[in-house]
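Read the structure below first, then the notes.
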Amino acid sequence: MTTADGHIIGTTQISGSAPHNRAFNIAMMGDGFQAAEQGVFDTACSDFLTAFFGTPPYDRLAPAINVFRINVASTGSGADDPVATGGTGASPNTYFDSSFGNNGIRRLLECNDSTALTVAAGQVPGFTVALVVVNSSVYGGSGGSVGTYSLAGGATEIAIHELGHTAYGLADEYPYYAGGNETGHDHHPAGEPGQPNVTTNAVRATLKWRWAVNTSTTVPTMANPDCSTVDSRPSPVPTGTVGLFEGADYYHCGAYRPEYDCKMRELGVPFCRVCRQVIWNRIDPLGTLVARDRTPLSVVARYPEHLDVFAEGSDGRTMSDWWDANSGWAGWFQLSGGVASGGGTGSPVTAVARYSGHLDVFTVGTDNRVYSAWWDVNGGWSGWFPLGTLAARPGSTVSVVARYSDHLDVFTTAANGAIMSIWWDARTGWADWFQVSGGVAGAGATVTAIARYPFHLDLFTVGTDHRFWSCWWDDRSGWAGWFPLDTLAARPDATVNVVARYPDHLDLFTTASNGAVMSTWWDARSGWAGWFQVSGGVASPGSPVTAIARYSNHLDLFTVGTDNRIYSTWWDDTTGWAGWFNVSGGIAKAGSQVVAISRVTEHIDVFAVGSDGIVYSTWWDGSGGWAGWFQLGIT
Amino acid sequence: MDTTSGPVPVRSMRFVFEYESGNISLILQQPVDVAVSGFDLHPDLRPGDYVEVRGPDGGTLSRVPVRSGMAASAEVFPEHAGDPITRVDKAEVRGAFTVVAPAPLSASHVAVVRVGRPAAAPRPGGVPTPAHEEPWATDLATFALDAPAGGQQP
Ligand SMILES: [Zn+2]
């Protein structure tokens, strides 16, 4: 039997309207359907659509999913069904050589994977997953790189389970290999499985799905008292409770699954919360992000060919997207299931890269506690964990500075406005929160920090008197007292942006009470200068001013103007301040923030929330000037 | 917004591999207009099989996981609801798998790579110190890429 046993009739898109290059594309092929039987295959495909889109989370992901029906006529009808495994002895010539009775088991129905993948690639070049429907009413199916199933009732469940493996790398959650009475499957081997829905780690604080576990849920939720067999007791908790249930990944003990039941454990039941999230995380990044209007974005370049961008969805989800010179933009994903406080303009996700293979991120959660998470090249994302018990001001910004690679200094405002700090050191871990020199920030003010030297910190904020205040810390002398920066009246929600073009110099940018874009500087030799307005600029109410220094004698500024257009200007020590200009026609949300980064000196990447609420980006390059804005998502 | 131009898409390639008794062959390499998401572009190394696209110097340009690869067992599904799904060892380990990976024009090779799990489990405690046990990686097979069509393009 070869592929000469029939011919390809053609391909029809039967569901979806997403762009083919940014969609989850399912290619369905029929085997053992003769030319006159194509209507049966068409009906089977319709039945699959009904079952598939009736299975959460696919019910909410349809806009990103396309389904294609590839009609293939086979010479013969049905599939091989050997007598030796209880079959009929049928042996038709079919296009994909499907056969029951593999490995001595009749219902193990397999096709020729190579043929199926090659046909799918020819008919639907951008296919994500391939399914083969076999023209037989005998129950059967199999997984692997091609999901195969028959027309028997309930066999579509095989395809949906198998997609869990093929498309998302989900593990099997069943706690046995051959049904439970097998030997050699009592204890899971040591080591953490790579899949997202099984674990050998029973510690709540480091559990990979800890974001989904309620604090009132016991961990482990269910422990197997007899590892020689499967724990067959009913669940001690209500259906849908996420916890830690022993018995998963083919072992009776030592491996855990997130819920008592899941489609990766048993056909006919829903996917568990963790698997639903994984499926969501695969398909959702194919779109763009509608962001919280005024929550600041942040961006980090761990190395020049890589960017990590952090934002918040309009629903508060902590989101990230990254760009790599070799693979482009990766698409938005929810960072460890986090949801940030919506107080004020919303607590942003702030980030720092202590070294190129590591990120530390911070935000204030919906319970107004300060949370952190990290990403490491050797382990991926951690869960969010709280930093002490500080009650932060709702929506407060958490500022972070890494004075050196084994140390973090973190700053934010407490519920009563007190300016608080906490630090982490690789040798000692996290310290406790303390108030910085008795400082209290005005309502809506943020604390800005910069390290000009590894042994020196400068802080800036707006006080309750709406004046700008500063404070510094030095390794030798500790924290100094707060002192005012002249008498300029700040916009109450003003943020101070600070840049050190070189270690003995600071440039500050902010907004005055009338919205004027103001600057001052400090130099070790001359001390503080007076405030001045930058090129007559006035910012949209709420919008901060962003500054970057590409060279020690050059500054670039960005803000949103009173007409909500995105503006930039620059300063060069030979020519002074330029006039403000609109960046590539960009219009932002009123009161939003523009973030910029220069990962290489002749290049600037800029990010903003557009007037439609979607996150956009553009860039400037020394050779080509400004590019147009594009919706940030996947490329 | 004036959205006249966007980022230049990165070229992607589809690869189809066949495997039989430990031998892997590349049976299809085809440029394809597909955006590969961060879900597949693991920047971190977790245990499993991967396909790596490499440059002339052997450096990794992109890496995507093989999610349903060379399994030595097959899944057997129950006909009756509530009965267990089981697995059986395959009589012969052979089949095919496919991935789509970003492949810049500088790409010259593609490799199938196996990453093993580090010996230790994650450390207990909420201290944000990553485990430093490095996973190990082994090349299972390496193939040269065909020169891209119109390879003279900038
Ligand atoms: Zn399975």
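Laboratory data are not the source of any read-out in this text; all were calculated from the coordinates shown. Computed from a prediction, not measured in an experiment: that's the story for all the values here. Neighbour counts run over all protein chains shown; Cβ positions are idealised from the backbone, glycine included.
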* Which whole number of Å³ per residue matches the convex hull of the alpha-carbon atoms in segment A:577-620? -> 88 Å³
* Structure fact -> FRET efficiency for A:HIS603 and A:ARG525 from the Cβ-Cβ distance with R0 = 22 Å, rounded to 0.05, comes out at 0.10
* So, with +1 on the Cβ of K and R and -1 on the Cβ of D and E, and no other charges, what is the size of the charge dipole of the protein assembly as shown about its Cα centre, to the nearest 20 debye? -> 1480 debye
* Asked: How high is the FRET efficiency between B:THR60 and B:ARG114 when r is their beta carbon distance and R₀ equals 25 Å, given to the nearest 0.05?
  -> 0.95
* Over all distinct alpha-carbon pairs, what is the Kirkwood Rh of segment A:6-168 in angstrom? -> 15.5 Å
* Neighbouring partner chain Cβ atoms per residue of B:86-97, average, 10 Å criterion -> 5
* Against the longest alpha carbon principal axis of chain A, how many degrees, from 0 to 90 and to the nearest 10, is the axis of helix A:38-53 turned? -> 40 degrees
* To do: Over the whole of A:126-138, what's the average partner chain Cβ count within 10 Å per residue? Rounded to a whole number, please.
  => 2
* Pop a pseudo-label 7 angstrom from the Cα along the beta-carbon direction at both B:SER106 and B:ASP89 and give the gap in nm to one decimal. => 4.6 nm
* Asked: Where does each of A:PHE52, B:PHE143 land when they are ranked from fewest to most other beta-carbon atoms within 10 angstrom?
  -> B:PHE143, A:PHE52
* To do: Would you mind giving the mean number of other chain beta-carbons within 10 Å of the Cβ of each residue in A:192-199, as a whole number?
  => 4
* Give the long-range amide H neighbours of A:CYS262: residues separated by 5 or more places, or on another chain, with amide H under 5 Å away, using H modelled in the peptide plane at 1.01 Å from N. => none
* For each of A:PHE460, A:PHE100, count neighbouring Cβ atoms within 10 Å of the residue's Cβ, then give the residues from fewest to most. => A:PHE460, A:PHE100
* Calculated from backbone phi, Karplus (6.51, -1.76, 1.60) coupling profile of segment A:238-248 in Hz, x at Gly/Pro -> x, 3, x, 6, 8, x, 9, 10, 6, x, 5
* Going by how many other Cβ atoms sit within 10 Å of their own, how do A:VAL498, A:VAL545 line up, fewest first? -> A:VAL498, A:VAL545
* To do: Would you mind checking which residues have amide H under 5 Å from A:ALA90's amide H? H placed 1.01 Å from N; only 5 or more apart, or other chain.
  => A:ASP81
* Structure fact -> Measuring from its Cα centre, segment A:233-311 shows a charge dipole (+1 at each Lys and Arg Cβ, -1 at each Asp and Glu Cβ) which, in debye to the nearest 20, is 160 debye
* 10 Å-binned pair-distance histogram of segment A:358-438 (Cα, whole percent) -> 18, 53, 25, 3, 0
* Asked: If you find the alpha carbon centre of segment B:29-60 and of segment A:72-106, how far apart are they in angstrom?
  -> 37 Å
* So what's the gap between the Cα centers of segment A:108-179 and segment A:1-44, to the nearest angstrom? -> 14 Å
* Asked: Label points 7 Å out from Cα along the Cβ direction at A:ASP504 and A:ALA391: separation in nm?
  -> 4.7 nm
* What is the Cα centroid distance between segment A:492-554 and segment A:294-370, reported in whole angstrom? -> 25 Å
* To do: Per DSSP H run of at least 4 residues, take -39500 (n - 2.57); add these up for chain A, divide by its residues and hand me the 222 nm value, nearest 500 deg cm²/dmol.
  => -2500 deg cm²/dmol
* To do: Please state, as a whole number in µm²/s, the translational diffusion coefficient that the Stokes-Einstein equation yields for segment A:546-585 at 20 °C and 1.002 mPa s, with Rh defined as the Kirkwood radius across alpha carbon pairs.
  => 203 µm²/s
* FRET efficiency estimate (nearest 0.05) - Cβ-Cβ, A:ASP475 to B:ALA144, R0 56 angstrom -> 0.50
* For segment A:497-635, compute Rh as the Kirkwood radius over C-alpha pairs and then the Stokes-Einstein diffusion coefficient at 37 °C and 0.692 mPa s; write the answer in µm²/s, rounded to an integer. => 214 µm²/s
* Return the Rg/Rh value of chain A, two decimal places, where both radii are evaluated on C-alpha atoms and Rh is the Kirkwood radius. => 1.06
* To do: Note down, for segment A:296-397, the three equivalent ellipsoid semi-axes (square root of 5 times each alpha carbon gyration tensor eigenvalue), biggest first, whole angstrom.
  => 24, 14, 11
* Going toward the positive end of the dipole of the protein assembly as shown, with +1 on Lys and Arg Cβ and -1 on Asp and Glu Cβ, which of B:ALA74, B:PRO104, A:TRP620 do you reach last? -> A:TRP620
* To do: Quick one: plug the Kirkwood hydrodynamic radius of segment A:31-88 (C-alpha pairs) into Stokes-Einstein at 25 °C, 0.890 mPa s, and report D in µm²/s.
  => 180 µm²/s
* Structure fact -> Expressed as a percent, the portion of alpha-carbon pairs in segment A:180-289 spaced more than 24 Å apart is 23 percent
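Give me the one-decimal Kirkwood hydrodynamic radius in Å for segment A:480-554, with the sum taken over alpha-carbon pairs. Could the numbers behind the result be given before it?
Working: mean 1/r = 0.0769 Å⁻¹.
It works out to 13.0 Å.
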* Structure fact -> Cα-based Rg and Dmax for segment A:226-299, in Å, come out at 17.5, 57
